[in-house]
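S.K.: Take a look at this one; I'll ask things after.
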Amino acid sequence: MLYRENGQFKTSYRADQQLFPVLQDRVAMLALLAVAFVVLPLTAPEYLFRAILIPFLILSLAALGLNILVGYCGQISLGTGAFMAVGAYAAYNLQVRIPGMPLIASLLLGGLCATGVGVLFGIPSLRIKGLYLAVATLAAQFFTDWAFLRISWFTNNSSSGSVSVSGLDVFGLPIESPVSKYLLCLAFVSVFALLAKNLVRASIGREWMAMRDMDVAAAVIGIRPMYAKLTAFAVSSFIVGVAGALWGFVHLGAWEPAAFNIDRSFQLLFMVIIGGLGSISGSFIGAAFIILLPLLLNQVPRWFDMPLSTALASHLESMIFGALIVFFLIVEPHGLARLWSTAREKLRLWPFPH
Amino acid sequence: MGFFLETLFGGLMAGMLYALIALGFVLIYKASGVFNFAQGAMVLFAALAMARFSGWYPLWFHFESRLLANLLGFVTAAALMVAVAWLVERLCLSRLVNQDGITLLMATLGIAYFLDGLGQTLFGNDIYKIDVGMPKEPLLVLQGTFDGGVLISQEDLVAALVAATLVALLALFFQKTATGRALRAVADDHQAAQSIGIPLDRIWVIVWSVAGIVALVAGIIWGSKLGVQFSLSLVALKALPVVILGGLTSIPGAILGGLIIGVGEKLSEIYLGPMLGGGIEIWFAYVLALVFLLVRPQGLFGEKIIDRV
């Protein structure tokens, strides 16, 4: 009854092609943005920003980037952590080596460097497909792990191998309090989500999807495989690189290559698959799920007053995590985003049977 | 020259062990099209079970014999791996039939997390040692030919022999037994195999059990070299470039790929490493596999991929 599109007629092409054609969706989206930009910064406690919201935003940005590659273009990548690392270290070097470099510029240029590396490691995708490609992208992962550990130029010859940034500011506003960090991330995420949403419904996004569904057939109808695949790699690794730079600069502050190791790549892939392949909202739902699950699992023993040793707790956590992932894959192989679209179909009629 | 040969032997032995883990991947991929990321976790789980049970049995039943303890431990661990295989098939794979390759891959990652957690919850997370009486002293050969001779670790030699025997046994099993023939049929074409009455679910349990026992052997050998600990589960990642280098569906490919990666890794570390700052072992295998795939996308012995519109 509440969620009905009856009577919302589109009388112009503009109206037909807008981002959210249903009025209720527009209202909900605006309400969500208002909560995120205004209500949360005013009300939420500091812990919520530091432990949940900031990591959630940055990792959903990375998941969004990965989703473009895996979900829309069908190229499996296990090297996401590597592209995040490239973004973070490139942004760090720009920030340190060029005096007076604005933060936003170094974050975006960091993403640009990640684009270069992403395209480089995307070239094999023109020859290799499927699982072979997945393993081949591991090369990117291990190579960057090694490069940032061993080549001291990247870390500005830091003796401990870890790098740190401080005194960040955007247009003169210091980025120090959790709220300001949160707003910076939120701004980035909103802009990139809008961009991604528009890219995937434009011609380039349709080319990616054609590549994903059947590459030979796509080539036959005139889509250039090289162009489609490499742009997917480029856009994806740009977003992932910016997310990596944000992760290093805003969330961690000081980091070493281990922050972007293979576990991070797996984690992001989990987000994308649990959230929903080929869905922008899926990236966010997946990121929320993967971030909240360990926190929740940590809390459960406390509710029942069962003190567990840290080692045992972490083993149990990894067991439950694994089991839940298998469970979700069995129950909803198309991801949590699919659950939402099923719910929407139901909502159209609710509470009437027809 | 002696040093070169020593490195070469070292690489071959390490390669044999990679091949052993890669074998598990190939077995499962061939029979069910699942890229089993849990192979590393299975190696860890099996090795932990073996290490702990062979330590526990003498305490429980008050006997001294090392051999008996190891035998009992091996049998228990093998039984446990069969149980794992059965559970994986029952609870997970049979419910994911006809899903995309990537969904199955993620499911095996979930299994990997589960097994890692379960193994360490049940058996503890210290470093355990497996003592199956492998000779520790190195062997000095070819003293007449080279100055100082060539040093070979007997342990490696035994490990390589075990691996070779295992491969031969598997080849016999696949070629000569009825079950092996059924396995090959399933690998060839699921639907055709099913239509002539081969029970897919039973075949999958068998394949996962065989892969589990291969994991157990690999775990024992690695474990007695390095001690059983969590990092064992990461060694298995090294087997990935081996598999794609050899071709995902080929057993000889896994062996040859393992040897190439093992030797390449050791030689590159010694001769290229100093130029690049050392530690290149962690990525060399992957980059080698990547470059190789650019020339031959299906790997050394993989099936040729034919595209049809």
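S.K.: With the condition kept exactly as written, say whether any residue in region A:40-61 is surrounded by 11 or more Cβ atoms within 10 Å (Cβ to Cβ) and more than 29 Å from A:G81 (Cβ to Cβ).
M.R.: yes
S.K.: Restricting attention to region B:261-291, which residues are under 17 Å from A:V135 (Cα atoms) and either more than 12 Å from chain A (Cβ to nearest Cβ) or touching a helix residue (DSSP H, G or I) at 6+ places or on another chain (Cβ under 6 Å) (or both)? It would help to see each step written out before you state the result.
M.R.: Taking region B:261-291 first, the residues under 17 Å from A:V135 (Cα atoms) are B:261, B:281-291.
Hits for region B:261-291 are B:I261, B:E281, B:I282, B:W283, B:F284, B:A285, B:Y286, B:V287, B:L288, B:A289, B:L290.
S.K.: Given the conditions (1) aromatic (F, W, Y); (2) away from every other protein chain (no Cβ under 14 Å); (3) surrounded by 17 or more Cβ atoms within 10 Å (Cβ to Cβ), report the number of the one that A:F143 does not fulfil.
M.R.: So the condition that A:F143 fails would be (2).
S.K.: With within 30 Å of A:L131 (Cα to Cα), more than 7 Å from chain A (Cβ to nearest Cβ) and not basic (K, R) as the only criterion, which of B:L80, B:L139, B:L109, B:L67 stands out?
M.R.: Values: B:L139 fails: within 30 Å of A:L131 (Cα to Cα); B:L109 fails: more than 7 Å from chain A (Cβ to nearest Cβ); B:L67 fails: within 30 Å of A:L131 (Cα to Cα).
From the options B:L80, B:L139, B:L109, B:L67, the qualifying one is B:L80.
S.K.: If the requirement is being within 14 Å of another protein chain (Cβ to nearest Cβ) and closer than 30 Å to A:S159 by Cα, which of these qualifies: A:S265, A:S318? Don't jump to the end; show me each part of the working.
M.R.: Working: A:S318 fails: closer than 30 Å to A:S159 by Cα.
Answer to the check: A:S265.
S.K.: Mind listing whichever residues of region A:146-155 are more than 7 Å from chain B (Cβ to nearest Cβ) and part of a helix (DSSP H, G or I)?
M.R.: Just the residues of region A:146-155 that are more than 7 Å from chain B (Cβ to nearest Cβ), to begin with: A:147-149, A:152-155.
Of everything in region A:146-155, those that are more than 7 Å from chain B (Cβ to nearest Cβ) and part of a helix (DSSP H, G or I) turn out to be A:A147, A:F148, A:L149.
S.K.: Related question: Scanning for something at the interface with chain A (Cβ under 9 Å from one of its Cβ atoms), under 24 Å from B:M42 (Cα atoms) and without any contact (Cβ under 8 Å) to a residue 40 or more places away in the chain, does region B:222-240 turn up at least one residue?
M.R.: No, region B:222-240 contains no residue that is at the interface with chain A (Cβ under 9 Å from one of its Cβ atoms), under 24 Å from B:M42 (Cα atoms) and without any contact (Cβ under 8 Å) to a residue 40 or more places away in the chain.
S.K.: Scan region A:1-17 for residues that are surrounded by 11 or more Cβ atoms within 10 Å (Cβ to Cβ) and of a type in the set (S, T, N, Q) and jot them down.
M.R.: The initial filter retains those residues of region A:1-17 that are surrounded by 11 or more Cβ atoms within 10 Å (Cβ to Cβ), namely A:3-5, A:8, A:10, A:15.
The one that is surrounded by 11 or more Cβ atoms within 10 Å (Cβ to Cβ) and of a type in the set (S, T, N, Q): A:Q8.
S.K.: Would you call A:S158 touching a strand residue (DSSP E or B) at 6+ places or on another chain (Cβ under 8 Å) and away from chain B (no Cβ under 14 Å)?
M.R.: Values: touching a strand residue (DSSP E or B) at 6+ places or on another chain (Cβ under 8 Å): no; away from chain B (no Cβ under 14 Å): yes.
Judged against the criteria, A:S158 is not a match.
S.K.: Criterion first (touching a residue at least 24 places away in the same chain (Cβ under 8 Å), surrounded by fewer than 19 Cβ atoms within 10 Å (Cβ to Cβ), more than 14 Å from the chain's Cα centre (by Cα) and farther than 27 Å from B:A78 by Cα) does B:I270 satisfy it?
M.R.: So B:I270 passes the test.
S.K.: Can you work out which of the residues in region A:130-140 that are modelled with pLDDT under 85 and at the interface with chain B (Cβ under 7 Å from one of its Cβ atoms) is surrounded by the most Cβ atoms within 10 Å (Cβ to Cβ)?
M.R.: Filtering region A:130-140 down to residues modelled with pLDDT under 85 leaves A:130-136.
Checking which are at the interface with chain B (Cβ under 7 Å from one of its Cβ atoms) leaves us with A:130-132, A:135-136.
Details: A:G130: 17, A:L131: 21, A:Y132: 26, A:V135: 25, A:A136: 30.
Taking the candidates together, the pick is A:A136.
S.K.: Additional query: Tell me which of these A:Q24 doesn't satisfy, since it passes every other one: (1) part of a helix (DSSP H, G or I); (2) closer than 22 Å to A:F289 by Cβ.
M.R.: Going through (1) part of a helix (DSSP H, G or I); (2) closer than 22 Å to A:F289 by Cβ one by one, A:Q24 breaks only (2).
S.K.: Out of region B:292-306, which residues are within 12 Å of another protein chain (Cβ to nearest Cβ), of a type in the set (A, V, I, L, M, F, W, C) and closer than 23 Å to A:L78 by Cα?
M.R.: B:F292, B:L293, B:L294, B:V295, B:I305 - these are the residues of region B:292-306 that are within 12 Å of another protein chain (Cβ to nearest Cβ), of a type in the set (A, V, I, L, M, F, W, C) and closer than 23 Å to A:L78 by Cα.
S.K.: Right, something else. Looking only at region B:246-289, how many residues end up being modelled with pLDDT of 85 or more and over 20 Å from B:L17 (Cβ atoms)?
M.R.: Here the count works out to 1.
S.K.: What are the residues in region B:208-238 that are of a type in the set (A, V, I, L, M, F, W, C), modelled with pLDDT of 85 or more and closer than 24 Å to B:C92 by Cα, if any?
M.R.: Residues satisfying the conditions are B:W208, B:V210, B:A211, B:I213, B:V214, B:A215, B:L216.
S.K.: Would you confirm whether any residue within region A:178-186 is among the polar types (S, T, N, Q), in a loop (DSSP other than H, G, I, E, B) and buried (at least 17 other Cβ atoms within 10 Å of the Cβ)?
M.R.: Quick first cut of region A:178-186, residues among the polar types (S, T, N, Q) only: A:180.
Okay, now just the ones that are also in a loop (DSSP other than H, G, I, E, B), so none.
Within region A:178-186, not a single residue is among the polar types (S, T, N, Q), in a loop (DSSP other than H, G, I, E, B) and buried (at least 17 other Cβ atoms within 10 Å of the Cβ).
S.K.: What do you reckon, is A:I273 in contact (Cβ under 8 Å) with a residue 12 or more places away in the chain, within 14 Å of another protein chain (Cβ to nearest Cβ), farther than 26 Å from A:G100 by Cα and not in a helix (DSSP H, G or I)?
M.R.: On the way: in contact (Cβ under 8 Å) with a residue 12 or more places away in the chain: yes; within 14 Å of another protein chain (Cβ to nearest Cβ): yes; farther than 26 Å from A:G100 by Cα: yes; not in a helix (DSSP H, G or I): no.
No; evaluated as a whole, the condition is false for this residue.
S.K.: Determine which member of the set A:S237, A:S190 is at pLDDT 85 or above, away from chain B (no Cβ under 14 Å) and within 30 Å of B:V235 (Cβ to Cβ).
M.R.: A:S237
S.K.: Out of the helices (runs of 4 or more DSSP H) lying entirely within region A:41-126, which hold 1 or more residues that are in contact with a strand residue (DSSP E or B) (Cβ under 9 Å, 6 or more places away or on another chain)?
M.R.: On the way: elements: A:54-67, A:80-97, A:103-122.
Counting at least 1 such residues, we get A:80-97, A:103-122.
S.K.: Select from region B:92-106 the residues that are over 17 Å from B:I206 (Cβ atoms), facing chain A (nearest Cβ under 8 Å) and in a helix (DSSP H, G or I) and list them in ascending order.
M.R.: Listed by number, the residues that qualify are B:R95, B:G101, B:I102, B:T103, B:L105, B:M106.
The values are calculated or read from the model by the stated rules, or taken from the named source; none is laboratory data. Quick caveat: nothing in here was measured; it's all calculated off a predicted structure. Note that each Cβ is placed from the backbone with ideal geometry, even for glycine, and that neighbours are counted across all protein chains shown.
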